[in-house]
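Colleague: Once you've had a glance at the structure underneath, I'll fire off some questions.
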Amino acid sequence: MTGPAKGKSAKPIPVAQLGYEQARDELIEVVTTLEHGGLDLDASLALWERGEALATRCEEHLTGARDRIEAALSPGEDDEDEEFDDSDSDED
């Protein structure tokens, strides 16, 4: 076994530090482990919570990538919005 499986004996890497591929691969392993069963309730809950955090991390990466793609496809629009926002704050 590779990557996350090694983390079972050592302290797992904090989810916030994982890249998309690392989080996705560990999430797949978590789901597989939960599907096979055989864990006690506390271990299952801990694994479920880790899986939820991994899924959220993957979504954060995907949202960030989507935002970067949209920004690259429509350059300049954010600049115009910022200029408008700055002019509103000058009126105060």
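The values are calculated or read from the model by the stated rules, or taken from the named source; none is laboratory data. Note that this is a predicted model, so its numbers are computed, not measured. Counting neighbours? That spans all protein chains shown, and the Cβs are built from the backbone with ideal geometry, glycine included. For the accessible areas, the whole protein counts, side chains as well, though only heavy atoms, and no ligand, DNA or RNA atoms are used. Shrake-Rupley method; radii C 1.70, N 1.55, O 1.52, S 1.80 Å.
Colleague: Look through T63, T56 and report the one residue that is open to solvent by 60 Å² or more (accessible area, probe 1.4 Å) and modelled with pLDDT of 95 or more.
Modeller: Working: T63 fails: open to solvent by 60 Å² or more (accessible area, probe 1.4 Å).
Answer to the check: T56.
Colleague: So which pairs qualify, if the first residue must be in the range 28-45 and within 22 Å of C58 (Cβ to Cβ), the second must be open to solvent by less than 90 Å² (accessible area, probe 1.4 Å) and of a type in the set (S, T, N, Q), the Cβ gap must be under 8 Å, and the two must be at least 6 apart or on different chains?
Modeller: L34/S44
Colleague: Another question, then. From G38, G51, G7, which residue is modelled with pLDDT of 95 or more and either open to solvent by less than 70 Å² (accessible area, probe 1.4 Å) or not in a helix (DSSP H, G or I) (or both)?
Modeller: Every option except G51 fails the conditions.
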